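Enquirer: Shown below is the structure under consideration.
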């Protein structure tokens, strides 16, 4: 069949669609700065390939309304920040563009990089409460210290005056006074904050595994969160289908955490467990 100049006929879901290839090439060749935001660029690439939002949702396993929110950079239509950025990465990989650059641009366009407003009133109220509590605690602590010093002095006095039966009344050697000991202070338990995920990326369903897959397959992974919040020592702890193991590990390696801290010092968090779930499309 003859095709009009600059027009291409493609087939999607058994129906013919006419795509203006000249317009598509112009949009793809344009610099990213010519788009209103990165979502518009993703939409242009998808449309240039004749892929509908419904088809993209089925192939990426991301809901159609979430893809629409990404293309319009509507953060209110997306889940929490880590999951939203994971969706953007998966969508960019599906469209075969630089996923990392797309995620960084989406952070900027969606305002994820903007500093959070500080509630000055809450901060001031907390500061005043801490100051009042400090004043209230100072007197009881001072009284307790004085009482302890007086008790220790009284114990030393009793020890020096009492002479056991059958012993001389001569002063005891200085070493004897060491039997009165100040109780050791109780150990202080440090503040422990467990590792917290800040960016979790869902794995892409490996379509080459579909013929041998059950309706639902799971992969259990074990890993360590380093003191810098990165993943290390990742491994498969259990799997219902080994074909999905590599996709799970690839997604896990891109996760980022706020590291585990003890008394404000970052420490590794060992033996972390997560279960990835794959549902056959």
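FYI, it's all coordinate maths here, none of it is from the lab. Computed from a prediction, not measured in an experiment: that's the story for all the values here. Here the Cβ is made from the backbone with ideal geometry for all residues, glycine too, and neighbour counts use every protein chain on show.
Enquirer: At what distance in angstrom do the alpha carbon centres of the range 217-254 and the range 45-118 lie from each other?
Expert: 23 Å
Enquirer: Something else now. State, to one decimal in nm², a quarter of the convex hull surface area for the C-alpha atoms of the range 197-255, i.e. the direction-averaged projected area.
Expert: Over every viewing direction, the Cα hull of the range 197-255 projects on average to 4.1 nm².
Enquirer: Test of understanding: ordering 41, 267 by Cβ neighbours within 10 Å, fewest first, what list do you get? Please list the in-between numbers first.
Expert: Details: 41 23, 267 16.
Placing the least packed residue first, the sequence is 267, 41.
Enquirer: Run the numbers on the range 192-279 and let me know its relative contact order in percent, using alpha-carbon pairs under 8 Å that are six or more apart.
Expert: Across the range 192-279, relative contact order equals 44 percent.
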